[in-house]
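Participant: Would you mind keeping the following structure in view while I ask a few things?
Any read-out appearing in this document is the output of simple, stated calculations on the displayed coordinates, not a laboratory observation. Here the structure is a predicted model, which is why all the values come from computation and not from measurement. Using ideal geometry, Cβ is built from the backbone for each residue, glycine included, and neighbour counts are taken over all protein chains shown.
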Amino acid sequence: MSPQELIRTRFAPSPSGHLHVGGARTAMFCLAFAKRYGSDHGQMLLRIEDTDQRRSSDAASMAFLEDLEWLGISWDEGPKFGDSGGGDTGPYFQSKRLSIYEEHLNGLLERGQAYRAFETAEQLNEKRAEARAAKQPYRYDRAALELSEKQVSDLLAAGTPYVVRFKVPDEAITVHDEVLGEVRTEARQLDDFIIWKADGFPTYHLAVVIDDALMGVTHVIRGQEHLNNTPKHVVLQDALGFDRPIYAHLSLIMNPDGSKMSKRDQDKALRRAVKEAGLEESPSGASGPVIEAASWSAWLARKDAQLQPDETERLAQELGVQLPEINVNDFRRAGYLPEVLLNYLALLGWSPGGDLEQFDMAFLIENFDLKRVVKSPARFDRDKLLAFNLDAIQAMSSSQFESRLRTYCEAEAPLFIEQLTDLQFKQVAASNQERSKTLRDPVDACQFLVLPTESIKIQDSKSVRRAMAGGPPTGADHLRQLKSQLADLDLWDVATLEGVVEAYAQEHADGKLGKVAQPLRVAVTGTTVSPPIYDTLVMLGQTGTIARIEQCLDQTGSHAK
Ligand code: GLU
């Protein structure tokens, strides 16, 4: 390819909410491939494929734009969003290009390369059933081609619904795929597929072919789920007199067990938890059942039914189930770093060669090559992704970590921004970085800081009981004695607290710090897990600590004495 030539790739999602990780990888490869040639020679387009009327383009279904932006995947041409978009080959929403499609459709009809067909769904189903009974593959029988001109015009005049079918040439089709090599489709394997639907919209096949051509797309990089569509696109390109773009189909992304990675995995995780807990009715939250009775029973009645996304989330939260992440947004909320997710996704289908595994987008752009894209399905290994995320967090300077955590909290944990002082926030970042695999970890570990004292409930667990009982003296006895010492302190920092608590433990707990630190932890967080104890107390402050010790002594009154 000469360096002067313009490379144009496109990412063409259908609006359906958040972006699946497979889509994110496609978009990333489209960008990397184009930019490999330098910004002057390579461009990526974003086109919204919204001609299926069930897929509307309202804000919720366009959430994938935010996911792309979060990942740092920008587009040169397409809908304007943040710093991306613009261009003069639009409109970039297919629903706004109907007149363009109609013009090309009319050309095909006039040249006899396409024809109207008036069969009803029932008639076609009958023909399908006949083929099945005769153990023959079903192909449309071209009955509509037998209609006379007069019959067609009468049917049209009577307002009979129709579709338009493309008259597929009777010859084998070979497509060269940059990843898969030669892909051959035998003559008669394709039937006369529909290019225009009865609802007055083009099918995906017609729209995609026209758009790719008119938008000057040179390389179509997309998921292997579209491989079967490619021969249809190629015959349409030939009929419309368009050049064929270069194709590259990317392998699917699977779960480690080889199943498809889809939202259904989240549903399965919930069903397992419901079964284990033996729940027959929806659990109840503060304001009634978490799932309304009718949806609950409909969901349980059918294994293939799925809860709405907000219901899924509420139920998972109530049951304490960690849902497997599927969409980019799931990973974002779980505290993964966008550059780490991109790095990991790049490895699911491509490798730079050698042992190198951790790299950034700039490296990918410099080195990306379709020749190193693998053919076989890739398995998504969450542990490996988590290990990459941990490495990236550990490699950050403390101020970088703090600023990333702040950005995360602004979106996902606003209480940490609203309620903590700057100093407290810094302390949260500093005391958690070393232990954090995700940006969510500090938020989980420090919930106690943003909850009002009254909401700290002492957990009913073995470890809490062990911390509070024992002795004599019991954990509660230690708390009672330490409280007055802590209340008298004039300085509230790690060194002072360390001095006081350790001296206390020497004197009253045979030097066993845990005997004292664990009850303190229970008092201030309700649990036995928190960041290092002195950090925890410093973050909470003196007044908060004393108030929580008092509350804990009240709550555990029965076994405190
Ligand atoms: N709109 C299609 C989808 O969301 C992609 C079409 C293509 O890349 O050709 O899967």
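Participant: What's the magnitude of the charge dipole for the range 1-127 around its Cα centre, counting Lys and Arg as +1 and Asp and Glu as -1 at the beta-carbon? Answer in Debye, nearest 20.
Facilitator: Approximately 260 debye in magnitude.
Participant: Another one. Restricted to Cα positions, what overall size does the range 477-516 have along the principal axes? Three whole-Å values, descending.
Facilitator: Sorted from largest, the Cα extents of the range 477-516 read 26, 19, 13 Å.
Participant: Remind me, what semi-axes does the range 267-310 give for its equivalent ellipsoid, largest first in whole Å, using sqrt of 5 times each Cα gyration tensor eigenvalue?
Facilitator: The equivalent ellipsoid of the range 267-310 has semi-axes of 16, 13, 10 Å.
Participant: Something else about it: Give me the orientation-averaged projected area of the Cα convex hull of the range 246-351, in nm², one decimal.
Facilitator: Directional mean of the projected Cα hull area for the range 246-351 stands at 9.1 nm².
Participant: Alpha carbons only, please: Rg and Dmax for the range 438-536, in angstrom.
Facilitator: Calculated on Cα positions, Rg and Dmax stand at 13.6, 41 Å.
Participant: What's the angle, to the nearest 10 degrees (0 to 90), between helix 309-319's Cα axis and the longest principal axis of the chain?
Facilitator: Result, in degrees: 30.
Participant: At a temperature of 37 °C and a viscosity of 0.692 mPa s, determine how fast the chain diffuses translationally according to Stokes-Einstein, using the Kirkwood radius over alpha-carbon pairs as Rh; express D in µm²/s, rounded to the nearest whole number.
Facilitator: 117
Participant: Just order 83-94, 279-290, 241-252 by mean Cβ neighbour count inside 10 Å, highest at the front, would you?
Facilitator: 241-252, 83-94, 279-290
Participant: Kindly express, to the nearest 10 degrees and within the range 0 to 90, the angle between helix 422-432's C-alpha long axis and the longest C-alpha principal axis of the chain.
Facilitator: With rounding to tens, the tilt is 80 degrees.
Participant: Same structure, new question: If the cut-off is a Cα-Cα distance under 21 Å, which lysines reach Lys232, setting aside same-chain residues fewer than 8 apart in sequence?
Facilitator: Lys167, Lys197
Participant: In degrees, nearest 10, range 0 to 90: what is the angle between the Cα axis of helix 513-525 and the longest Cα principal axis of the chain?
Facilitator: The angle comes out near 60 degrees.
Participant: For the range 497-526 and the range 301-350, what is the centre-to-centre distance using only Cα atoms, to the nearest Å?
Facilitator: First find each Cα centre; the distance between them is then 40 Å.
Participant: How would you order 373-385, 523-535 from highest to lowest mean count of nearby Cβ atoms within 10 Å?
Facilitator: In decreasing order of mean packing, 373-385, 523-535 become 523-535, 373-385.
Participant: So, one more: Considering only C-alpha atoms, what is the centroid distance from the range 92-159 to the range 390-464, in Å?
Facilitator: 60
Participant: Arranged from highest to lowest average of other beta-carbon atoms within 10 Å per residue, in what order do the peptides 122-135, 186-199, 474-487 appear?
Facilitator: Packing order, densest peptide first, comes out as 474-487, 186-199, 122-135.
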